[in-house]
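Enquirer: Please find one structure pasted underneath; my questions will follow.
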Amino acid sequence: MKKNGLHEEVLMAGFGGQGVMLAGKLLAYTAMQAGKEVTYMPSYGAEVRGGTANCMVVVSNKPVASPVVSKPSSVIAMNKASLKKFSSRVKPGGLLVYNRSLIDSKPEVEDDVEVLAIPADELAVELGNKKCANMVALGAYLQRKGFPEVGKAAESLPKVLAKRHHKTLGVNTKALQRGAEFASRKK
């Protein structure tokens, strides 16, 4: 993200239980802590676990007129259905991060869209908790965009993560860092 004239619209999608909402809240909270204007809008499928889930986050230097994102600057897709549904919506020059652990097909995007296929589930398993794949993907996104910083997102985790899950702060922080490391090596 460019810090001058910043206006980033992000759509994160997956199935229920993949932590898409948590990743979106973390992005929104971290950007808000950095003094940016932010909106966060979740969208749930009929099911709680296993159903569809996505959220839209808008981060800007100026007030945000609407939380609705139809042509996002970036998409983070955690499963095949989400990639199929949202990849074609990425704005020209945008970023698509997708979980290649669960997606074996190539995304349909414009030629100038940057695509980062990250094995989010595998990297999360290496860290000891498959449920932190969302943080791996978010870390990769943050690394590519450069704002907010991964370290700032890690500092925001205790404020966003429910207290009953604070025992996972360490692994989630490592997952953010691991995603960032992966993204920095894949050019």
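Here, each number is a calculation from the coordinates, and none is a lab measurement. Keep in mind that what you see is a predicted model, and the values were worked out from it rather than measured. Ideal geometry is used to build each Cβ from the backbone, glycine not excepted, and the neighbour counts take in all protein chains shown.
Enquirer: Students often check this: by mean Cβ neighbours within 10 Å, which of 148-154, 22-28 ranks highest, and how do the rest follow? Before the final figure, lay out the partial values.
Expert: On the way: 148-154: 20.0, 22-28: 24.7.
Output ranking for 148-154, 22-28: 22-28, 148-154.
Enquirer: Subtract the Cα-Cα distance of LYS167 and VAL125 from 0.36 nm times their separation in residues, and report this length gain in nm to one decimal.
Expert: That pair, LYS167 and VAL125, stretches by 13.4 nm at full extension.
Enquirer: Just for the chain, what percent of DSSP beta bridges are antiparallel, to the closest 5? Write down the numbers at each step before the final one.
Expert: On the way: 17 of 30 bridges.
Of those bridges, close to 55 percent are antiparallel.
Enquirer: Relative contact order for the range 1-150: what percent, with Cα pairs under 8 Å and sequence separation of 6 or more?
Expert: Working: 337 pairs, mean separation 34.5, N = 150.
Relative contact order comes out at 23 percent.
Enquirer: Then there is this: What list do you get for CYS132, CYS55 if you sort them by fewest beta carbons within 10 Å?
Expert: Working: CYS132 28, CYS55 25.
The most exposed by this proxy come first: CYS55, CYS132.
Enquirer: Continuing with this model, one more query. According to the Kirkwood expression over distinct Cα-Cα pairs, how big is the hydrodynamic radius of the chain, in Å? Intermediate results must be reported in sequence, preceding the final value.
Expert: On the way: mean 1/r = 0.0625 Å⁻¹.
Answer for the chain: a Kirkwood hydrodynamic radius of 16.0 Å.
Enquirer: In whole angstrom, how far apart do the alpha carbon centroids of the range 114-187 and the range 75-113 sit?
Expert: 18
Enquirer: Now, a different point. Of THR30, THR39, how do they rank once you tally other Cβ atoms within 10 Å and put the fewest first? Write down the numbers at each step before the final one.
Expert: Numbers: THR30 27, THR39 18.
With the fewest neighbours first, THR30, THR39 line up as THR39, THR30.
Enquirer: With 29 Å as the limit, write out which pairs from LYS106/LYS167; LYS91/LYS152; LYS71/LYS174; LYS84/LYS163 have Cα-Cα distances beyond it, or answer none. Each step should come with its number before you reach the end.
Expert: Numbers: LYS106/LYS167 36 Å; LYS91/LYS152 26 Å; LYS71/LYS174 31 Å; LYS84/LYS163 34 Å.
Among LYS106/LYS167; LYS91/LYS152; LYS71/LYS174; LYS84/LYS163, the Cα-Cα distance tops 29 Å for LYS106/LYS167; LYS71/LYS174; LYS84/LYS163.
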